[in-house]
Amino acid sequence: DLLPKAGSDLLPKAGSDLLPKAGQFSKINMYKNNTYIGNSVFSIVNNKKSIIQNIFIKDQFRGNKIGSILLRETENIIKINYQDIQEYNLLAYELPNSYLLEFYKSNGYNIDYSHPNKYYDDGLDIYNLVYMYKHINDLHP
């Protein structure tokens with residue numbers, strides 16, 4: 001089994017300053033055996049909506065469902081601490097031939113077709129910007 005069970009040191013470490021107010025950000029760092037492996041950033045828009053700003057896993061730890069664990073833990077922190085929140089939102093920056101949209105879809109997210117397709121060029125790569133959402137009561141697949 002590649003992943004430790006829930007409650008192990010693979011799960012995010014959170015401090016008492018974790019919970020942001022509307023318009024503020026919070027960062028959750030993830031460690032394995034005291035080695036930093038990634039983080040997530042989220043914010044609260046209002047009493048109904050949250051935004052997961054970023055999910056990052058270091059390259060050498062990718063492909064083992066660790067990103068899904070971090071995403072679920074981020075969602076759980078939001079759900080437990082902001083009971084009125086009804087929806088998780090995010091903006092996926094997808095590179096050509098990447099599996100980012102499939103990652104989010106496999107974790108229960110849907111494409112928000114109410115936003116037009118947009119692109120971002122950082123001078124090196126061109127990203128397809130895809131708005132996605134997940135209702136808070138949707139079950140993880």
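The values are calculated or read from the model by the stated rules, or taken from the named source; none is laboratory data. These numbers were taken from a predicted model, which means no experiment stands behind them. Methodologically, a virtual Cβ is constructed for each residue, glycine included, from the backbone with ideal geometry; neighbour enumeration extends over all protein chains shown. When the accessible area is computed, the model is the full protein with side chains, heavy atoms only, and any ligands, DNA or RNA have been set aside. Shrake-Rupley method; radii C 1.70, N 1.55, O 1.52, S 1.80 Å.
Starting from the Cα of LYS48, step 7 Å along the direction of its Cβ; do the same at TYR99; then give the gap between the two resulting points in nm.
3.6
Amide H neighbours of TYR31 under 5 Å, counting only residues 5+ apart in sequence or on other chains, H built in-plane at 1.01 Å?
LYS13, ILE37
Using Cα centres only, tell me the gap between segment 30-47 and segment 51-72 in whole Å.
Their Cα centres are 9 Å away from one another.
Determine the share of segment 36-141's accessible area contributed by carbon and sulfur atoms, expressed in whole percent, with a 1.4 angstrom probe. The partial results should precede the final answer.
Details: 3120 of 6220 Å².
Carbon-and-sulfur percentage of accessible area, whole number: 50.
What are the chymotrypsin sites (Phe, Trp or Tyr not before Pro) within segment 62-141 that DSSP puts in a loop, where the Cβ has at most 13 other Cβ atoms within 10 Å?
Numbers: sites: TYR82, TYR88, TYR93, TYR99, PHE103, TYR104, TYR109, TYR113, TYR119, TYR120, TYR127, TYR131, TYR133; in loops: TYR82, TYR99, TYR109, TYR113.
Those satisfying the criteria are TYR99, TYR113.
Using modelled amide H (1.01 Å from N, peptide plane; none on Pro or chain starts), what sits under 5 Å from the amide H of LYS58, excluding residues fewer than 5 places away?
GLY38
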